[in-house]
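The values are calculated or read from the model by the stated rules, or taken from the named source; none is laboratory data. Being a predicted model, the structure only gives us computed values, none of them experimental. Positions of Cβ are backbone-derived with ideal geometry, glycine not excepted, and every protein chain shown enters the neighbour counts. When the accessible area is computed, the model is the full protein with side chains, heavy atoms only, and any ligands, DNA or RNA have been set aside. Shrake-Rupley method; radii C 1.70, N 1.55, O 1.52, S 1.80 Å.
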Amino acid sequence: MTQHLQHFIAGAAADSSDGRRFDLIDPVTEKVYGSSARGTTEDVNRAVEAARSQLEGGAWSQLSGSQRSRLLNKLADLVERDTEQLADMDANAIGRSPMEPRRMDLPNAIANLRAAAGWANQLEGRTIPSGGYFGTKTLSYTVREPIGVVGAIVPWNSPLMITVWKLAALLAAGCTVVVKPSEETPQSALHLAALAKEAGFPDGVINIVTGFGAEVGRALCEHPDIAKISFTGSPEAGREIQRTAGVLFKRVALELGGKSPQIVFDDASFEDALFGCSLGLFANQGQVCAAGSRILVQRGVAERFAAALAQAASSVKVGDPRQPDTQMGPVAKKAQFDRVNRYIQLGIDQGATLLAGGVSNPDQGFFVRPTIFANARNDMAIARDEIFGPVGTVITFDTEEEAIALANDSSYGLAATVWTTNLARAHRVAAALKTGAVGVNCWSPLDANLPWGGVKTSGIGREGGFGGAVAYTEEKVVTVLLPN
């Protein structure tokens, strides 16, 4: 069935101002299966105006925190009702097994909406003692106010989950939003907006403009009425967003990917570490910002572990993700297919030992074989750059200090995993790692109550947790003179 997608502006579907559209490509067949409206600056202007009007005397601006809470819980109910449909939308758009969004993305999205419903009525101010005003006593207090209209720019790898991360928090804070979903995956964001309308959110609170970063994303960053940009994507795009938004003093939150280490000590449970490292490498075809693609293994078990990891990679069944026995589908698009293969060839050329997989040349579809390199160095491109595909690099270390140094020798700092049965070591290493999150004997779990974000090139700011909602507010100080 051919899909004909439109924007969602002020509570209604809308075509682009100039009528242009772009094709949607199936990564399994490489065929066009639909099209979507190609957003323009004028479309962004209409969406921002709709969002702004709700903040300036609109119905949304009149709601209390508890009323916003009820709407968020209703939206969570509707997402739960449509879980199968939403999971299929995301999976089909990028060639992912539908099992993964059903088991990971949708439960997390629902949990974030319900957590945000609790935060909506908890954004309290403070009463602050002060020294008075020229000898007269004062009462000073603060209130939390919504920061304004937010521009949310969402990637293609986990589109619904990441859209909800942004929306749940900003809606709890009382903001309104214009979302630019990835051009590969607009379906679930549009469906989510329709569910919000069904839940009773006023028209204009949530707007979706589909299209490309150079047009829609740039227009959001340059719009004077956008107070904050929340972006998840590449460091290159993040730098450009920060440069553009900075001129207008916009707030920004940037989650820019990673090159996450998984550190396997020789006292770790071999089978647990093997399973965890495989999950961290191959979930969503390796198209995960926190993918644990640098496997640092202590020398005593390195050769055995690399061989077992290669065996696990070779046993993954790659094919049409809609088939029940398929374990891994294609990567999301041709550009990503070419990128992953280019890095695999670089690994070979730079002298790493290829244990499994290799450069892929399928007859049809963007399928990449799960690939494992061993005998690699931390200065190789496959160890330093975010590949965003099912490619793992095994690097050997001898001591705890060396493992920490290798793990931290990266421009990224999003997540890390430590595999060990030594509790003291686990805490020492976790404290020493320069990352936003560390999992001990688990792959950096995502939870609605935990903040998520990185350091260094992995970005600035946090999503999730109560602090994620606070980040969409401004603290206003009110001082009242108290005459004697």
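Can you pull out every residue in the range 406-421 that is open to solvent by 60 Å² or more (accessible area, probe 1.4 Å) and of a type outside the set (Asp, Glu)?
Step one: filter the range 406-421 for residues open to solvent by 60 Å² or more (accessible area, probe 1.4 Å), giving 409, 421.
Result: Thr421, single match.
Give the residue, chosen from Arg114, Arg103, that is open to solvent by 20 Å² or more (accessible area, probe 1.4 Å), touching a helix residue (DSSP H, G or I) at 6+ places or on another chain (Cβ under 7 Å), more than 16 Å from Thr473 (Cβ to Cβ) and in the same structural domain as Thr473 (by the TED database). Working first, answer last.
Working: Arg103 fails: touching a helix residue (DSSP H, G or I) at 6+ places or on another chain (Cβ under 7 Å).
Just a single option satisfies the conditions, and that option is Arg114.
Can you tell me which residue among Ile348, Ile295, Ile372 is of a type in the set (Val, Ile, Thr), over 20 Å from Glu30 (Cβ atoms), surrounded by fewer than 20 Cβ atoms within 10 Å (Cβ to Cβ) and modelled with pLDDT of 95 or more? Break it down stepwise before answering.
Numbers: Ile295 fails: surrounded by fewer than 20 Cβ atoms within 10 Å (Cβ to Cβ); Ile372 fails: surrounded by fewer than 20 Cβ atoms within 10 Å (Cβ to Cβ).
Every option except Ile348 fails the conditions.
Restricting attention to the range 250-284, the residues being at positive phi and open to solvent by 20 Å² or more (accessible area, probe 1.4 Å) number 0.
Against the condition hydroxyl-bearing (Ser, Thr, Tyr) and buried (at least 18 other Cβ atoms within 10 Å of the Cβ), how does Thr244 come out, does it pass?
Numbers: hydroxyl-bearing (Ser, Thr, Tyr): yes; buried (at least 18 other Cβ atoms within 10 Å of the Cβ): no.
No: the conditions fail for Thr244.
Give me the residue from the range 351-369 that is more than 18 Å from Lys259 (Cβ to Cβ) and of a type in the set (Gly, Ala, Ser) and, out of that set, most open to solvent (accessible area, probe 1.4 Å). Checked the range 351-369; the qualifying residue most open to solvent (accessible area, probe 1.4 Å) is Gly351.
Screening the candidates Val154, Val150, Val164 for the property of being assigned by the TED database to the domain that holds Glu42, within 22 Å of the chain's Cα centre (by Cα), among the aliphatic types (A, V, I, L, M) and closer than 29 Å to Val477 by Cα yields one hit, Val150. The residues in the range 464-476 that are in contact with a Gly (Cβ under 9 Å, 6 or more places away or on another chain) and open to solvent by 20 Å² or more (accessible area, probe 1.4 Å) can be counted, and the count is 5.
Among the residues of the range 204-238 satisfying the criterion of being charged (D, E, K, R), in contact (Cβ under 8 Å) with a residue 24 or more places away in the chain and in a helix (DSSP H, G or I), which is farthest from Glu56 (Cα to Cα)? Break it down into steps so the answer makes sense when it comes.
Of the residues in the range 204-238, the ones charged (D, E, K, R) are 215, 218, 222, 225, 228, 236.
Restricting the remaining residues to those that are in contact (Cβ under 8 Å) with a residue 24 or more places away in the chain gives 215, 218, 222, 225, 228.
Remaining after also requiring in a helix (DSSP H, G or I): 215, 218, 222.
Values: Glu215: 27, Arg218: 24, Glu222: 21 Å.
Here the answer is Glu215.
Thr326 satisfies every condition listed in (1) at pLDDT below 95; (2) open to solvent by 60 Å² or more (accessible area, probe 1.4 Å) except (2). Once the range 4-59 is narrowed to residues that are under 24 Å from the mean Cα position of the chain (by Cα) and assigned to a loop (DSSP other than H, G, I, E, B), the residue that is surrounded by the most Cβ atoms within 10 Å (Cβ to Cβ) is Gly39. Scanning the range 149-182 for residues that are surrounded by fewer than 24 Cβ atoms within 10 Å (Cβ to Cβ) and touching a strand residue (DSSP E or B) at 6+ places or on another chain (Cβ under 6 Å) turns up just one, Pro155.
Among the residues of the range 385-397, is any open to solvent by 70 Å² or more (accessible area, probe 1.4 Å) and modelled with pLDDT of 95 or more? Steps first, answer last, please.
At the first step, the residues of the range 385-397 found to be open to solvent by 70 Å² or more (accessible area, probe 1.4 Å) are none.
No, that holds for no residue.
For the range 263-302, name all the residues that are free of Cβ contacts under 8 Å to residues at least 60 places away in the same chain, among the charged types (D, E, K, R) and in a helix (DSSP H, G or I). Of everything in the range 263-302, just one residue is free of Cβ contacts under 8 Å to residues at least 60 places away in the same chain, among the charged types (D, E, K, R) and in a helix (DSSP H, G or I), namely Glu271. Evaluate the range 352-362: report whether one residue or more is within 22 Å of Ser315 (Cβ to Cβ) and among the hydroxyl-bearing types (Ser, Thr, Tyr). Within the range 352-362, one or more residues are within 22 Å of Ser315 (Cβ to Cβ) and among the hydroxyl-bearing types (Ser, Thr, Tyr). Report yes if some residue within the range 66-74 is closer than 23 Å to Leu160 by Cα, open to solvent by less than 60 Å² (accessible area, probe 1.4 Å) and either modelled with pLDDT under 95 or of a type in the set (D, E, K, R) (or both); otherwise report no. There is at least one residue in the range 66-74 that is closer than 23 Å to Leu160 by Cα, open to solvent by less than 60 Å² (accessible area, probe 1.4 Å) and either modelled with pLDDT under 95 or of a type in the set (D, E, K, R) (or both).
Can you say whether Val331 is in a loop (DSSP other than H, G, I, E, B) and at pLDDT 95 or above, as far as the supplied structure shows? Judged against the criteria, Val331 is a match.
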